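Each remark here refers to the structure printed beneath this line.
The values are calculated or read from the model by the stated rules, or taken from the named source; none is laboratory data. Bear in mind the structure is a predicted one, so any value in this text is a computation, not a measurement. Note: ideal-geometry Cβ built from the backbone for every residue, glycine included; neighbour counts use all protein chains shown. Note: accessible area is taken over every heavy atom of the protein model, side chains too, but ligands, DNA and RNA are not part of it. Shrake-Rupley method; radii C 1.70, N 1.55, O 1.52, S 1.80 Å.
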Amino acid sequence: MKIIDILKNKDFVFSIEVFPPKPDTDIQVIYDTIEQLKEIKPDFISVTYGAGGSTRTRTVEIADKIQNYYNITALAHLTCIGSSKEDIARILDELQDKGIENIMALRGDLPKDNSNPYKDFRYACELVKFIKDRWDFCIGVAGYPEKHPEAETMESDLEHLKEKVEAGADFITTQLFLDNNHFFRYLRLVQEKGIKVPVIPGIMTATKLINIERMANLCKVEIPERFKNAVSSCDINSPVCEETVKYTVGQINHLIKNGIKAIHLYTMNKIEQNKRIYFESKLAEIRKDK
Ligand code: FAD
């Protein structure tokens, strides 16, 4: 099913993200994870695409399994930086042949060594247009409540977000944020910009300070003191951190209480922590799992 139809037809949409295991790790690991995360009944599961296409075949294989074996709507991420049109067309044909109907169209991060990374695409809006011209996928794009790190101003970033939507994007999923104020401010700016497609907030939890610091540094998102304190109290050997479960449950409940109708959980392939968050937040209640 197309995600835009799920968003139109359901009162509340809950989705999760997983990432493919490294090429030298047995792919079964991710299927064991999905098997357990299935319990929280996501309306769709997104599968990331490794930087520079490093997990390309695994992304396609996992999306195929989600769609056709687990019978859950799959959203395959695809980055275009460093790719030719032929490379991208091949992947899109493959995904279409497997019955996958949803693509998260991304540029991908610039390489750290300052080498010229560009081939046939410079920005995600070009990928959106390329897909829309030849295929019939539902297309998601990325939005940044705290601004994309390369953008000079929020205004220019929103202008480029609008270009992606005008090129044919159907919905926006946000970068993680740990303070809902960033999201609500962003939502207001997106609406003021005249962007009318649904904006799905992306929520991430953590059980280790180092992991969230690495992620926050990469994405240039603020880690509130309260989150830092919560994650600092975690036993790093435990799969669950009680304090960050509480924090993320609070964040999700606050979004729901303020009228948000969709949540996307960046699971980081962590089973117990995300199941706890689901069942202890209003998500389970709202979806009648409690
Ligand atoms: P773009 O929309 O192209 O934006 C990139 C930058 O260029 C922004 O600063 C924007 O303001 C600017 N820009 C855009 N258009 C123009 C223009 N016409 N002129 C001048 N400037 C412009 N990365 C992966 O490698 N794999 C994944 O699976 C993945 N999944 C993600 C999922 C989500 C929900 C999010 C939020 C991010 C994800 N990323 C992933 C990270 C993403 O690839 C990076 O954030 C990347 O740096 C930007 O990608 P984009 O699609 O937002 O790019």
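Condition check: of a type in the set (Val, Ile, Thr) and out of contact with any Pro (no Cβ under 9 Å at 6 or more places or on another chain). Does residue 205 satisfy that? Against the criterion (of a type in the set (Val, Ile, Thr) and out of contact with any Pro (no Cβ under 9 Å at 6 or more places or on another chain)), residue 205 qualifies. Of all residues in region 87-118, those satisfying the criterion of being within 17 Å of the chain's Cα centre (by Cα) and within 14 Å of the ligand (Cβ to nearest atom) are 102, 103, 104, 105, 106, 107, 108, 109. Regarding residue 95, is this residue part of a helix (DSSP H, G or I) and out of contact with any Cys (no Cβ under 7 Å at 6 or more places or on another chain)? Considered against the rule, which asks whether it is part of a helix (DSSP H, G or I) and out of contact with any Cys (no Cβ under 7 Å at 6 or more places or on another chain), residue 95 comes out as yes. Among the residues of region 49-80, those identified as hydroxyl-bearing (Ser, Thr, Tyr), crowded, with 19+ Cβ neighbours inside 10 Å and within 21 Å of residue 25 (Cα to Cα) are 49, 55, 59.
Among the residues examined, residue 83 qualifies as surrounded by 15 or more Cβ atoms within 10 Å (Cβ to Cβ), of a type in the set (S, T, N, Q) and part of a loop (DSSP other than H, G, I, E, B). Of the residues making up region 1-47, those that are of a type in the set (Ser, Thr, Tyr) and crowded, with 19+ Cβ neighbours inside 10 Å are 15, 46. Of the numbered criteria (1) aliphatic (A, V, I, L, M); (2) in contact with a Pro (Cβ under 8 Å, 6 or more places away or on another chain); (3) more than 16 Å from the ligand (Cβ to nearest atom), the one residue 178 fails is (3). Counting only helices (runs of 4 or more DSSP H) that sit wholly inside region 217-290, those with at least 1 residues that are without any contact (Cβ under 8 Å) to a residue 12 or more places away in the chain and either out of contact with any Pro (no Cβ under 9 Å at 6 or more places or on another chain) or open to solvent by less than 80 Å² (accessible area, probe 1.4 Å) (or both) are 225-232, 242-257, 282-286. The set of residues from region 101-153 being closer than 19 Å to residue 59 by Cα, part of a loop (DSSP other than H, G, I, E, B) and either touching a Phe, Trp or Tyr at 6+ places or on another chain (Cβ under 8 Å) or acidic (Asp, Glu) (or both) comprises 101, 107, 108, 109. Here residue 48 does not fit the description of being over 26 Å from residue 160 (Cα atoms), without any contact (Cβ under 8 Å) to a residue 40 or more places away in the chain and within 16 Å of the ligand (Cβ to nearest atom). For region 80-99, which positions are in contact with a Leu (Cβ under 9 Å, 6 or more places away or on another chain) and in contact (Cβ under 8 Å) with a residue 40 or more places away in the chain? Residues satisfying the conditions are 80, 81, 88, 92, 95. Across region 182-198, the qualifying residues are those that are of a type in the set (Val, Ile, Thr) and surrounded by fewer than 21 Cβ atoms within 10 Å (Cβ to Cβ), and the one among them that is nearest to the chain's Cα centre (by Cα) is 197.
Entry remark, region 119-174: residues being surrounded by fewer than 21 Cβ atoms within 10 Å (Cβ to Cβ), more than 10 Å from the ligand (Cβ to nearest atom) and among the aromatic types (Phe, Trp, Tyr) number 2 in total. Within region 15-29, is there a residue that is within 14 Å of the ligand (Cβ to nearest atom) and acidic (Asp, Glu)? Looking through region 15-29, at least one residue is within 14 Å of the ligand (Cβ to nearest atom) and acidic (Asp, Glu).
Annotation: of all residues in region 51-72 being of a type outside the set (A, V, I, L, M) and away from the ligand (no atom under 16 Å from the Cβ), the one that is nearest to residue 171 (Cα to Cα) is 67.
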